[in-house]
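The values are calculated or read from the model by the stated rules, or taken from the named source; none is laboratory data. Predicted model only: the values in this text are computed from it and were never measured. So basically every Cβ, Gly included, is an ideal-geometry build from the backbone, and we count neighbours across all protein chains shown. Remember, those area values only see protein heavy atoms, side chains included, never the ligands or the DNA or RNA. Shrake-Rupley method; radii C 1.70, N 1.55, O 1.52, S 1.80 Å.
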Amino acid sequence: MAQAPNVREVDAIVIGAGFSGLHATKRLTDMGLSVRAFDAAEGVGGVWTWNRYPGARTDSLHMTYCYSFDRDLLNEWGYSEVNPRQPEVLAYLRHVADRFDLEQYYTFGTSVTSAVYDEAAGRWVIETDHGETVSATYFVTGLGLVSAPLQPTAPGLEKFRGEVHHTARWPHHEVDFAGKRVAVIGTGSSGVQLVATIADRVGSLTVFQRTANWVAKTPNRPVGAAELDEIRQDYDTIWKRVRHHPAGWPWEMPTRSALETPPDERERVFEQQFEEGGFALLYNAFSDLSTDKAANDLLCDFMRRKIQEMVDDPELAAKLTPTHPYGAKRPPTTDGYYQAFNKPNVGLVDLRETPIEAFTENGIRTSAGEHEFDMIVLATGFDAITGAFTRMQIRGVGGRDLNEYWSDGPKTYLGLAVPGFPNMFTVAGPQTPFSNLPPGAQAQGSWISDAISWMREHDQAAMHPTEAAAEGWTALCNEIAESLPATSVAADANSWFTGANVEGKAVAYNIYFGGHGSHADLCDEEAASEYPSFAKIPALVEQPA
Ligand code: NA7
């Protein structure tokens, strides 16, 4: 592996070696900029280096869970399954890093602890947990939406004498479940994937559920060479669709409305898209599931009946059935989650009825008594979207503290830049769309590098959005979220979309729910009109003597 250059002054600093950071590093170095990049992990991969629990896989479709900027890269890479597993996604990111020789810019195993804008010098000065100080003109973050893990709030975890693992900090060695009494706390994507995967391997499994989740089937199956060849022929169409789809999927949005479709036909379509798996149910069945409460209710009713079919015990089925609209929380996808509860060694603790009071030497004490375990798995999720920012100290113009500025929720323009933080750009940051991540990360990283090119060509030293632009963007994010039946109640469902899953965190709409396609349109318009929503700081042009 190439060593990161020991250079303290560069053109750009990038944080992150996941989909966002790797691509930003490539774009900026392609422009001829000197770049220092950092990642807390020991290598490339971003969240895919950390979330290596059994069953971890993306629920994006394989052919678009990748970059599209290089046709040769597309043609030489092929995932082996429709929803690639964690090791394959990690292998893909390593392949990209090798192919474009990106590791040379990175310092791994190193966290950036602070980033402060030096106004006089017009430079960002960052400090790392290894005591290094580096400065740059541009500061680009690719921190990941879900990268700052959450610990449970109940006291006493340190007293527990068995094994404790967090899904987002899973050990690199094989974890042995055989014969063990295992507790899993959390029923988000990580928890349900893990439960479905280990239910057959454990002695016993007890799932601690705070909020039930709608879990879709996975569309998973192997992908053969002939199918990959066909996809490669079709990539122009596929990426065109991704560009315009609200979630960055290679699909056209359906035009039929659930409400206007006769019940028999509606049931047939739901059934078909349920079997298709993943996000097909939400995006491919009907046009109005995300926009109309009554249509969303029909989907919830269908899923409720599905859960009743899959879970033998009606009382248990009722506890596993969410009360929130489909999409208020991110719906996980996996096979066999609900069915796992039919096994005699798998049980559920409903934390709404019996909350956790404390961890003990032997296990977990709820209000109903103590449960003894050999292993506790924390699938308790993340201080999502803003957490990775607020865990750092970031200061802009006049010492503006990002934490304080965002104390009521994030304020950005297009999710890409923040007033008072000149030349700080965020890929997949707060107030960007929630969508298939790689196409969004690529589009945003390209937009940022184009903006930097524009500044350099137009003698602009720096730019940052105006307060009015950020207020307008925040108002738009709020307005869209409030207009939709699922997202408007996302906080009630403890959704990490809003920060409601984190005790004490400001509840806000942290996502632009207008969709990937519309976000890309707005970003394109801003760039095409030469960044009218940004205040520019002109470069000092030397006068002739
Ligand atoms: P999620 O989706 O945030 O899920 C975390 C789960 O842990 C969720 O069920 C939480 O309940 C539960 N949780 C969190 N804190 C506690 C405490 N203190 N006690 C009990 N239960 C708790 O995280 P994941 O890792 O599953 O997935 C994150 C994303 O990564 C995923 O959506 C993909 O995009 C990739 P709650 O629902 O908050 O009541």
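How large is the translational diffusion coefficient of segment 410-545 in µm² per second when you combine the Kirkwood radius over alpha carbon pairs with Stokes-Einstein at 37 °C and 0.692 mPa s?
208 µm²/s
Express in nm, to one decimal, how much length is gained between Glu525 and Glu9 on full extension, taking 0.36 nm for each residue of separation and deducting their alpha carbon distance. The partial results should precede the final answer.
Details: separation 516, 0.36 × 516 = 185.76 nm, distance 3.31 nm.
In short, 182.4 nm is gained.
Equivalent ellipsoid semi-axes for segment 63-175, as square roots of 5 times the alpha carbon gyration tensor eigenvalues: give them largest first, rounded to whole Å.
29, 29, 12
Read phi for every residue in segment 345-359 and hand back ³J(HN,Hα) as whole Hz from Karplus 6.51 cos²θ - 1.76 cosθ + 1.60, θ = phi - 60°, with x for Gly and Pro.
In residue order, the calculated couplings are 9, 10, x, 10, 10, 8, 6, 6, 8, 10, x, 6, 9, 6, 8 Hz.
Read phi for every residue in segment 53-59 and hand back ³J(HN,Hα) as whole Hz from Karplus 6.51 cos²θ - 1.76 cosθ + 1.60, θ = phi - 60°, with x for Gly and Pro.
Couplings: 5, x, x, 5, 7, 6, 9 Hz.
Quick one: plug the Kirkwood hydrodynamic radius of segment 124-173 (C-alpha pairs) into Stokes-Einstein at 20 °C, 1.002 mPa s, and report D in µm²/s.
143 µm²/s
How far is it, in nm, from the label point at Leu157 to the one at Ala468 when both lie 7 Å from their Cα along the line to the Cβ?
4.6 nm
P(r) of segment 297-453 in 5 Å steps, Cα pairs, percent per bin?
Final binned percentages: 1, 7, 11, 13, 12, 12, 11, 11, 10, 7, 4, 1, 0.
Name the residues of segment 478-495 whose amide N is less than 16 Å from a point 7 angstrom out from the Cα of Asp297 along the C-beta direction?
485-486, 489
Enter the mean projected area of the convex hull around the alpha-carbon atoms of segment 116-259, in nm², rounded to one decimal.
On the way: hull surface 69.7 nm².
That works out to 17.4 nm², a quarter of the Cα hull's surface.
For the residue pair Leu351 and Ala535, what label-to-label distance in nm results when each label sits 7 Å from Cα along the Cα-to-beta-carbon direction?
In this crude spin-label approximation the distance works out to 4.3 nm.
Take the Cβ-Cβ distance between Ser453 and Thr255 as r, set R0 to 51 Å, and report the resulting FRET efficiency rounded to the nearest 0.05. It would help to have the intermediate numbers written out before the result.
On the way: r = 39 Å, r/R0 = 0.77.
The pair Ser453/Thr255 has a calculated efficiency of 0.85.
Report the dimensions of segment 1-101 along its three principal axes from the alpha-carbon atoms, largest first, rounded to Å.
Per principal axis, max minus min of the Cα coordinates gives 43, 31, 20 Å.
Using a 1.4 angstrom probe, figure out how much accessible area segment 20-92 has per residue, in square angstrom, rounded to the nearest whole.
It amounts to 30 Å² per residue over segment 20-92.
Got a sec? Charge dipole of segment 356-501, +1 on Cβ for Lys and Arg, -1 for Asp and Glu; which of Thr366, Phe434, Phe421 is way out at the positive end?
Ranked along the dipole, the leading option is Phe421.
Among Pro246, Val223, Ser204, whose Cα sits farthest toward the positive end of the charge dipole of segment 195-252 (+1 at Cβ of Lys/Arg, -1 at Cβ of Asp/Glu, about the Cα centre)?
Highest projection toward the positive end goes to Ser204.
Can you compute the FRET efficiency between Ala475 and Ser407 using 1/(1 + (r/R0)^6), with r the Cβ-Cβ distance and R0 = 22 Å? Round to the nearest 0.05.
Computed FRET efficiency for Ala475 and Ser407: 0.80.
Quick one: check the C-alpha center-to-center distance for segment 115-160 versus segment 5-74, whole angstrom.
17 Å
For segment 384-395, just list the computed ³J(HN,Hα) in residue order, Karplus coefficients 6.51, -1.76 and 1.60, θ = phi - 60°, integers in Hz, with x standing in for Gly and Pro.
Coupling constants for segment 384-395: 6, 6, 9, x, 5, 7, 6, 6, 9, 9, 10, 10 Hz.
For segment 227-365, take every pair of Cα atoms, bin their distances at 5 Å starting from 0, and report each bin as a whole percent.
So the P(r) values, bin by bin, are 2, 8, 14, 17, 16, 13, 10, 8, 6, 3, 2, 0.
Counting just the Cα atoms, what span does the chain cover along each of its three principal axes? Round to the nearest Å and put the largest first.
87, 57, 46
May I ask you to list, by number, the DSSP H helices of the chain whose Cα span along the axis is at least 27 Å and whose average Kyte-Doolittle hydropathy reaches -1.0 or more?
Helix filter hits for the chain: 437-457.
Students often get this wrong, so check it: of Lys240/Lys505; Lys217/Lys293; Lys26/Lys240; Lys293/Lys343, which have C-alpha atoms separated by over 32 Å?
Pairs exceeding 32 Å: Lys240/Lys505; Lys293/Lys343.
Between Glu42 and Asp176, what FRET efficiency follows from the Cβ-Cβ distance if R0 is 25 Å, with the result rounded to 0.05? Show your work: numbers first, answer last.
Working: r = 23 Å, r/R0 = 0.94.
The calculated FRET efficiency here is 0.60.
Would you kindly calculate the translational diffusion coefficient of segment 114-201, applying Stokes-Einstein with the Kirkwood radius from alpha carbon pairs, for 4 °C and a viscosity of 1.567 mPa s, and quote it in µm² s⁻¹ without decimals?
Once the numbers are plugged in, D ends up at 75 µm²/s.
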